[in-house]
Amino acid sequence: MLSVLPPIMILLGLMDEWVSRESMMKYMGDDSGIMGIAIAIAFAAFAAGPMYAAFPFTAVLLKKGVKFTNVIIFMNAWCVIKISTLLFEISSLGYKFTFYRLLIDFIGVIAMGYLVNYFVMKVGKEDKILSSHMKENV
């Protein structure tokens, strides 16, 4: 665990300094559409390391103004769509199984991104309504 974190922190620091907020918002922000989804999945597919290594990266993505849906898609894809895992899976379970699992995972990752975003926004609106209602009754 300790050997994984220093390189990740160095790369995150470099990304935070070298990649501008405007470019991240352009490619992965609210108006990014399918390109933002594709970039989030590609980042996750080529990433190396355990899941806990994704959390600092997601913090940088959120700080840079990346659409919340794309951040969730990135985190889900980090878990299930990895190039290194796919190579092992093809050799162990075959092309057909790997293809169908990957197809289902792509659909599931994107669906989960939008579902989590929907429920987070819904709860956020309910919290605002409740807090304004409580202020009126005080």
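FYI, it's all coordinate maths here, none of it is from the lab. This one's a predicted model, so the numbers in the text were calculated from it and none came from an experiment. Backbone-built Cβ (ideal geometry, glycine too); neighbour counts: all protein chains shown.
Which helices, counted as full DSSP H runs in the chain, have an axial Cα extent of no less than 18 Å and a Kyte-Doolittle average of 0.0 or above? In the chain, the long hydrophobic H runs are 5-18, 33-46, 68-80, 95-137. When the P(r) of the chain is calculated, the portion above 20 Å amounts to 55% of the C-alpha pairs. If R0 is 30 Å, the Cβ-Cβ spacing of Lys96 and Met51 corresponds to a FRET efficiency of close to 0.65.
Positive contributions from Lys and Arg (+1) and negative ones from Asp and Glu (-1), summed over other residues with Cβ under 14 Å from the Cβ of Leu103, come out at 0.
Restricting attention to the range 5-137, lysine pairs at least eight places apart or on different chains and with alpha-carbon atoms under 18 angstrom apart total 7.
Residues Ser3, Ser23, Ser92 in ascending order of nearby Cβ atoms (within 10 Å, fewest first): Ser3, Ser92, Ser23.
Tell me, what is the FRET efficiency for Val120 and Ser3 to the nearest 0.05, using R0 = 41 angstrom and their Cβ-Cβ distance as r?
The formula returns an efficiency of 0.75 here.
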